[in-house]
1. Of the listed peptides 12-21, 111-120, what is their order by residue-averaged count of other C-beta atoms within 10 Å, with the highest listed first?
2. Return a single number: how many Lys pairs in the chain, at a sequence separation of 8 or more or on separate chains, have alpha-carbon atoms below 24 angstrom apart.
3. Of HIS332, HIS34, which has the most accessible area and how do the rest follow, probe 1.4 Å?
4. Measure nothing but the geometry: give the 0 to 90° angle between the long axis through the Cα atoms of 218-234 and the longest principal axis through the Cα atoms of the chain, rounded to 10°.
5. Tell me the mean residue ellipticity at 222 nm calculated for the chain from its helices only (DSSP H runs of n ≥ 4, each -39500 (n - 2.57), averaged over every residue, nearest 500).
6. Would you work out which of LEU387, LEU242, PHE97 lies farthest towards the positive end of the dipole of the chain, given +1 charges on the beta-carbon of Lys and Arg and -1 on that of Asp and Glu, about the Cα centre?
7. Please give the charge dipole size of the chain, origin at the Cα centre, charges +1 on K and R Cβ atoms and -1 on D and E Cβ atoms. Round to the nearest 20 debye.
8. Tell me, what HN-Hα J-couplings in whole Hz come from the Karplus equation 6.51 cos²θ - 1.76 cosθ + 1.60 at θ = phi - 60° for each residue of the stretch 133-142, using x for Gly and Pro?
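The values are calculated or read from the model by the stated rules, or taken from the named source; none is laboratory data. Note that the coordinates shown come from a computational prediction; the quantities given were computed from them, not determined experimentally. Every residue, glycine among them, receives a Cβ derived from its backbone with ideal geometry; neighbour counts consider all protein chains shown. Note: accessible area is taken over every heavy atom of the protein model, side chains too, but ligands, DNA and RNA are not part of it. Shrake-Rupley method; radii C 1.70, N 1.55, O 1.52, S 1.80 Å.
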Amino acid sequence: MTNARFSTLRRIPRAIWVLGFVSMLMDISSEIVHSLLPMFLVSGLGASVATVGLIEGIAEAASPIVKVFSGSLSDYLGNRKWLAVAGYALGAVSKPFFAIAASAEVVLAARFADRIGKGIRGAPRDALVADIAPAEYRGAAFGLRQSLDTIGAFTGPLIAVGLMFLWANDYRRIFWIALVPGTLAVLLLALGVQEPAHLSSPKGVNPIRRESLRQLSASYWWVVAIGAVFTLAWFSEAFLVLRAMQGGMKPALVPLVMVAMNVVYTLSAYPFGKLADAMSHMRLLVIGLGFLVCADVMLAQSSAWPAVLLGVSLWGLHMGMTQGLLAVMVAHTAPANLKGTAFGFSNLVSGMAMLVASVVAGLLWEQFGAEATFYAGALFSVLAAVLIISGSRYLKSAE
């Protein structure tokens, strides 16, 4: 029984595990900062919630714009690893600037640089996973990488909580610590992953020219559209932190909401990634959206700690069910020689949606309260479910 249970994990190539640990280390680095940043902006620098939404929206939109070019460049060059290394390096280098920031503008510049780094590495890394993983284990491979990534996403806030108590809410000192795991991530990727053989664009051919883009099918673009509406429903996780602040929690304990979300995310990402190899993707997406609606309604109705904890846990379950799955659907509907480009365009559209979502979420919060922000998220979740059902004939090739 034990051998059968772990047989799939044993078949996942070593390089996928290494990429997962690289993601884990960088997420520790990023989440140490991000779990404290909304509080630092509002209580430390005097920024408004609308400003937080604007900073998050601009920063998150920067990443996918870069992903288009980095993904296409990885197809053109036939090399994904070193582009990913460069992106992880920029993410690591940006961390000290949060520690020295004296204004919201400096925070915006640091967040922008951090997300540019994410943009450089994201599409080549996802395409690298798709290149390395056998097709029959691709869902499990993406789920495993996402699970390891998300271990970092809850370890980072835990470290932040401990250091907030140890160093009496000294945000700047804690931000310096984030440089350490970021640097380790860069070294592990540079030394631990070998570039696999994969199809590249013919020499001199631009992967994002019109003739190449015509190879991307209607099924692919339908997946992209669904991903965009999903993103409108998510907006930025900074609003989860701000909702916890409204409940009167001690600042040192607020990052625990991110811990709760990411623990659930971690525990669910691999099992649901493996399930996606055997179950209808559309059905799984719709079920995941149901959990997101429940999370938004719960967060809209109360800022009390038990309600926030349940809401963010349901949010994490939704992420575990759907995040790796959307990546699998992109991989299944994209030509082998355009996988980097396909992930890049998918991330671009979702990033533009994130900019809109975060700005609108911040404005709704300022004008009508937190309840309006989360009810709007629930509404977009329902819209995404309708889009999936109406586009079922296009999505069969993504199964």
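1. With the highest mean Cβ count within 10 Å placed first, the list reads 111-120, 12-21.
2. Lysine pairs, 8 or more places apart or on different chains, close enough: 15.
3. Heavy-atom accessible area, descending, gives HIS332, HIS34.
4. It is inclined by approximately 10 degrees.
5. Result for the chain, helices only: -27000 deg cm²/dmol.
6. After comparing all options, I get LEU387.
7. Roughly 920 debye, rounded to the nearest 20.
8. Result, rounded to whole Hz: 6, x, 4, 6, 10, 5, x, 5, 5, 5.
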